[in-house]
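These notes are about the structure you will find just below.
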Amino acid sequence: METIKKRFQYLLNSKHITPYRLAKNTQVSAATYSRILTQDNTPNTSTISVICNYFNCNENWLTNGEGPIYKNETTNTEERITRLEKSLKNTQKDIFRLMRIINGLDDEKKEL
């Protein structure tokens, strides 16, 4: 999606919401939203902020088309990486503990 107009339309369609309903929910006029959709009008920073807060989307995506659409996509990816790293560290610790236990056994017990 190469324009703010198309990205904004995408957000509206994804939530099945009209510019009128968005205006009622955000205190920004329906005319402002309509101008974005009909005139390729670039909204001011406060309107962009309102739109992004309402849809939980990234301002960089809305304004430039870069990065993930939604804020939680970034968070979820970062959280998954953190959880995987913790899990890997715990697994490594368990392996080292087992190695120490095995090394402490005499040869007869190691064969069991």
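The values are calculated or read from the model by the stated rules, or taken from the named source; none is laboratory data. What you are looking at is a predicted structure, and each value in this text was computed from that prediction instead of being measured. Reconstructed Cβ throughout: ideal geometry from the backbone, glycine too, with neighbour counts over all protein chains shown.
Out of L98, L62, one residue alone is part of a helix (DSSP H, G or I), at pLDDT 80 or above and out of contact with any Phe, Trp or Tyr (no Cβ under 8 Å at 6 or more places or on another chain). It is L98.
In the range 16-34, the residues that are surrounded by fewer than 14 Cβ atoms within 10 Å (Cβ to Cβ) reach residues that are not aliphatic (A, V, I, L, M) with C-beta atoms within less than 9 angstrom, at least six apart or across chains, in these pairs: T18/Y33; Y20/Y33; Y20/S34; N25/Y54; A31/P19. Residues that are assigned to a helix (DSSP H, G or I), modelled with pLDDT of 80 or more, hydroxyl-bearing (S, T, Y) and surrounded by 15 or more Cβ atoms within 10 Å (Cβ to Cβ): does the range 67-82 have at least one? Scanning the range 67-82, I find no residue that is assigned to a helix (DSSP H, G or I), modelled with pLDDT of 80 or more, hydroxyl-bearing (S, T, Y) and surrounded by 15 or more Cβ atoms within 10 Å (Cβ to Cβ), so the answer is no.
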